[in-house]
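What follows is a single structure, written as structure tokens, with notes after it.
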Amino acid sequence: MQITILFLCMLFSWIFLHRLKQKNRKGPKTWPFLGAALEQLMYYDTMHDWILKYLSQSRTVVVPMPFTTYTYIADPADVEHVLKTNFSNYPKGEVYHSYMEVLLGDGIFNVDGEVWRKQRKTASFEFASKNLRDFSTVVFREYSLKLSAILTQASHNNQAVDMQELLMRMTLDSICKVGFGVEIGTLAPNLPDNEFAQAFDTANMIVTLRFIDPLWKIKKFLNVGSEAVLDQNIRTIDDFTYSVIKRRKAEIEQDRELTRMKRKLAWLLSYDSLGKLYYLHAVITETLRLYPAVPQDPKGILEDDVLPDGTKVKAGGMVTYVPYSMGRMEYNWGADAASFNPERWLKDGVFQNASPFKFTAFQAGPRICLGKDSAYLQMKMALAILCRFYEFKLVPGHQVKYRMMTILSMEHGLKLTVSKRP
């Protein structure tokens with residue numbers, strides 16, 4: 001016991017001295033993996049908060065790991081170098097692919113080179129299609145109104161709702177309808193159990209932990225612990241996905257005419273009218289600046305390189321740009337960086353874009369998100385309806401806390417009370 005206490009005292013003293021040394025050091029911060037992990041446990045609720053702390057002091061943080069090195073960046077110049085200027089040197093990489101393959105397979109989000117280029121080219125044609133845009137507008141409107149009906153019922157019954165869950169259901173239903181033409185019904189008035197969403201969330205969390213779990217391959221081989229749970233959830237995801245594909249094949253001939261009719265439907269809100277809602281667009285963009293869907297995005301390093309700020313990165317390591325931190329840096333957004341201020345995006349009442357290497361919620365460079373316009377369309381459609389007819393308040397005492405996932409998600413949901421506007 002005495003040896004254990006002595007060891008812990010020495011360890012904490014080392015952490016304190018290292019923090020003091022780093023505080024007075026110029027240039028990139030270097031933080032050994034053990035110290036970084038312990039400091040996160042001792043002082044911070046999440047990794048996002050820990051990274052935010054150090055990136056506010058230095059635009060680059062280097063964390064040597066047992067078998068590699070993680071470099072976190074928040075300077076737009078460094079981000080542009082990684083995502084565009086020297087794009088080919090910073091692929092997703094074999095390490096990231098091995099972690100995510102069970103969930104993302106060899107899809108566009110998890111591959112590089114020619115495989116990625118072919119998928120990107122195919123997807124870009126689809127997203128540029130006017131037919132897809134018009135159909136998406138109708139679908140997003142349809143599901144926004146379904147959500148509105150659920151909120152009206154909750155308002156009448158004086159019931160609190162989990163807005164995070166409802167928005168996830170709406171998104172899932174919309175994607176399946178636009179992508180497959182299938183109605184899966186998770187946003188039905190009775191809110192049926194959603195095994196797919198639950199399985200996907202669990203799988204997402206476990207896959208994310210692989211980045212810091214050196215034993216995950218052993219657990220996978222033995223099919224024990226978290227990897228056994230992951231395997232069960234992947235089966236649920238696969239069963240759902242293949243059932244949707246099978247169902248869609250059977251329905252294609254039946255609803256071809258119905259689909260053509262729906263694409264011609266235009267009422268309540270149109271694509272063009274949504275495009276003129278500049279302040280709403282600014283509100284969404286400001287929200288994504290502070291709360292990006294993907295809080296950090298790692299890239300592999302093929303060859304040794306030097307970032308614009310002088311940081312040296314080694315082949316085989318990983319460099320991660322951090323949208324969550326970048327949106328809060330005063331050196332990127334000014335003294336009010338931590339404030340929610342939609343007006344920063346407007347000039348004479350018209351929305352003004354920022355550099356995608358500064359506002360990185362949708363990536364940038366060759367991998368910039370093809371679904372960006374579609375995402376804005378769905379968010380604007382939903383908010384235009386919900387904010388017009390309802391008022392929302394956070395349930396007193398509800399704890400809003402992040403959970404460890406590849407996407408920014410709230411551990412306890414977002415519990416709100418809802419009331420209709422007069």
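Label sites at SER88 and LYS314, each approximated as a point 7 angstrom past Cα along Cα to Cβ, lie 2.5 nm apart. Computed over protein heavy atoms with a 1.4 Å probe, the accessible surface of region 101-151 works out to 52 Å² per residue.
For region 95-177, just say rounded, prolate or oblate: build the C-alpha gyration tensor, square-root its eigenvalues into a ≥ b ≥ c, call rounded for a/c under 1.5, and beyond that prolate if a/b exceeds b/c, oblate if not. Oblate, since a/c reaches 1.5 and b/c is not below a/b. Among the lysines in region 91-210, how many pairs, 8 or more places apart or on different chains, have alpha carbons under 27 Å apart? Lysine pairs meeting the criterion: 9.
You can think of it this way: the chain between ARG248 and MET65 has 61.3 nm of extra reach, that is 0.36 nm per residue less the Cα-Cα gap. Using the Cβ of PHE140 as centre and a radius below 10 Å, the other residues enclosed give a net charge of +2, where K and R count +1 and D and E count -1.
Applying the Karplus relation 6.51 cos²θ - 1.76 cosθ + 1.60 with θ = phi - 60° to region 414-420 yields 3J(HN,Hα) values of 10, 7, 10, 9, 10, 9, 6 Hz, where x marks Gly and Pro. For region 112-230, the carbon plus sulfur part of the accessible surface works out to 61%, probe radius 1.4 Å. With a probe of 1.4 Å, find how much accessible area region 363-422 has per residue, and write the answer as a whole number in Å². I get 52 Å² per residue for this part.
Partner aspartates and glutamates whose Cα lies under 19 Å from the Cα of LYS393, excluding those fewer than 8 positions away in the same chain, are identified as ASP162, GLU165, GLU411. Straight-line cross-link partners of LYS358 among the aspartates and glutamates, defined as a Cα under 16 Å from its Cα and at least 8 positions apart when in the same chain: ASP75, ASP78, GLU80, GLU286, ASP297, ASP309, GLU330, ASP336.
The values are calculated or read from the model by the stated rules, or taken from the named source; none is laboratory data. Keep in mind that what you see is a predicted model, and the values were worked out from it rather than measured. Neighbour counts run over all protein chains shown; Cβ positions are idealised from the backbone, glycine included. Just the protein is used for accessible areas: all its heavy atoms, side chains included, with ligands, DNA and RNA removed. Shrake-Rupley method; radii C 1.70, N 1.55, O 1.52, S 1.80 Å.
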